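Scroll down for the structure; my scribbles are underneath it.
The values are calculated or read from the model by the stated rules, or taken from the named source; none is laboratory data. Computed from a predicted structure; not experimentally measured. Ideal geometry is used to build each Cβ from the backbone, glycine not excepted, and the neighbour counts take in all protein chains shown.
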Amino acid sequence: MNRPSIRAALGAAALAVALGACAGSPTQESAGQYLDSSVITARIQAELMRDRSVGSQNIRVHTVKGHVELSGFVETEDEKERAQFLAEGIGGIRSVANRIRVVR
């Protein structure tokens, strides 16, 4: 192989590795999916903080590939249901698992 061919092959290999590192898998998010999940999480947290009927300081939000998990503690069943309703209103969500516990 001549030098330009070796450089081209090395460049192609480096590009393949770089693109592979950004790709997602069934258990791991790609860089783009991670960013999307972060935006969804932030939007849900903002909605929870904006709504005074929900004790948002005790609710955690985790998003992976559009699947949202709500966890933490609230004082009433209404707060739990309202948190889920607010989360489901955000675009880009595939599902919401409401694991919030009601503690009286």
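Residue check, G72 against (1) over 14 Å from the mean Cα position of the chain (by Cα); (2) modelled with pLDDT under 85; (3) crowded, with 17+ Cβ neighbours inside 10 Å, all met but one. Which one?
G72 satisfies all of (1) over 14 Å from the mean Cα position of the chain (by Cα); (2) modelled with pLDDT under 85; (3) crowded, with 17+ Cβ neighbours inside 10 Å except (2).
Enumerate the pairs (first residue in the stretch 28-44 and surrounded by fewer than 18 Cβ atoms within 10 Å (Cβ to Cβ); second residue anywhere and outside any helix (DSSP H, G or I) and of a type outside the set (D, E, K, R)) with beta-carbon separation below 6 Å, excluding pairs fewer than 6 apart on the same chain, so at least 6 apart or on different chains.
Partner pairs satisfying both residue conditions: S30/A23; S30/G24; Q33/G24.
Does any residue in the stretch 55-68 that is in contact (Cβ under 8 Å) with a residue 24 or more places away in the chain and loosely packed, with under 15 Cβ neighbours inside 10 Å come within less than 7 Å, Cβ to Cβ, of a residue that is assigned to a strand (DSSP E or B) and not basic (K, R) six or more places away or on a different chain, and which pairs are these?
H67/S95
Return the residues of the stretch 84-104 that are within 28 Å of S30 (Cβ to Cβ) and surrounded by 14 or more Cβ atoms within 10 Å (Cβ to Cβ); say none if nothing qualifies.
If the condition is that a residue be within 28 Å of S30 (Cβ to Cβ) and surrounded by 14 or more Cβ atoms within 10 Å (Cβ to Cβ), then Q84, L86, A87, I90, I93, V96, N98 are the ones that fit.
If you scan the stretch 91-102, which residues turn out to be modelled with pLDDT of 95 or more and either in contact with a helix residue (DSSP H, G or I) (Cβ under 7 Å, 6 or more places away or on another chain) or of a type in the set (A, V, I, L, M) (or both)?
Hits for the stretch 91-102 are V96, A97, N98, I100, V102.
Looking at the stretch 51-68, is at least one residue modelled with pLDDT of 95 or more, touching a helix residue (DSSP H, G or I) at 6+ places or on another chain (Cβ under 8 Å) and of a type in the set (G, A, S)?
Checking the stretch 51-68: not a single residue is modelled with pLDDT of 95 or more, touching a helix residue (DSSP H, G or I) at 6+ places or on another chain (Cβ under 8 Å) and of a type in the set (G, A, S).
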